[in-house]
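Novice: Shown below is the structure under consideration.
The values are calculated or read from the model by the stated rules, or taken from the named source; none is laboratory data. Remember, it's a predicted structure, so these values are computed and weren't measured experimentally. No Cβ is skipped: glycine too gets one built from the backbone with ideal geometry, and neighbour counts run over all protein chains shown.
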Amino acid sequence: MASKEQVKKKMMLEVVNPYEVFYEGQVERIVLPTLDGQYGVMPGHSPLVIAVTPGIAYFEADGEKTTFAVSEGFAEIGQHVVIIVCNAAEWPSEIDSERAQKAYERAKTRFNSVTSTEEQRLYAQYAMERAKARMTISSEWKKTKKDHPDH
């Protein structure tokens, strides 16, 4: 029988968006993009609700790191469960790089427009951050896939 030190502590992670449960499973830790930068959570964390910003998130399960793109939302963190509610979440393999690049260019144009209101500029800023995260994660995934042809 394994000792307590040999058994890794885990917590339940659930990532949901308006259309689906994107991910549900046991993880050792999760790192989320927030207003103050990357925020890491491990089992036993103090309860907290935190704003999630568009960017790259990842979790570790059974010693393996899994990365995904996440849009704005929030995370409810408990000692043994993390629930992320976001507008969208995507695996790197699902991202269309060209589409992300075009979305970035459109958002940049809206952001720089002299006729944009502050609210429109804020939405455009989030759209640019979302598109940049999607382009970055897709590019990293393609490089890893190229380096490891068995994926």
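Novice: Within the stretch 89-116, which residues are at pLDDT below 90 and β-branched (Val, Ile, Thr)?
Specialist: Result: 95, 114, 115.
Novice: How about the stretch 12-48: which of its residues are touching a residue at least 12 places away in the same chain (Cβ under 8 Å), of a type in the set (Asp, Glu) and under 15 Å from residue 89 (Cα atoms)?
Specialist: 14, 24
Novice: Answer yes if at least one residue in the stretch 104-114 is aromatic (Phe, Trp, Tyr), surrounded by 17 or more Cβ atoms within 10 Å (Cβ to Cβ), in contact with a helix residue (DSSP H, G or I) (Cβ under 8 Å, 6 or more places away or on another chain) and in contact (Cβ under 8 Å) with a residue 60 or more places away in the chain, and no otherwise.
Specialist: Scanning the stretch 104-114, I find no residue that is aromatic (Phe, Trp, Tyr), surrounded by 17 or more Cβ atoms within 10 Å (Cβ to Cβ), in contact with a helix residue (DSSP H, G or I) (Cβ under 8 Å, 6 or more places away or on another chain) and in contact (Cβ under 8 Å) with a residue 60 or more places away in the chain, so the answer is no.
Novice: Is the stretch 134-141 home to any residue that is over 17 Å from residue 16 (Cβ atoms), of a type in the set (S, T, N, Q) and either exposed (fewer than 14 other Cβ atoms within 10 Å of the Cβ) or at pLDDT 90 or above (or both)? Steps first, please.
Specialist: First, pick out the residues of the stretch 134-141 that are over 17 Å from residue 16 (Cβ atoms): 134-141.
This time we only want the ones that are of a type in the set (S, T, N, Q), so: 136, 138-139.
Checking which are either exposed (fewer than 14 other Cβ atoms within 10 Å of the Cβ) or at pLDDT 90 or above (or both) leaves us with none.
Looking for residues that are over 17 Å from residue 16 (Cβ atoms), of a type in the set (S, T, N, Q) and either exposed (fewer than 14 other Cβ atoms within 10 Å of the Cβ) or at pLDDT 90 or above (or both), one finds none in the stretch 134-141, hence no.
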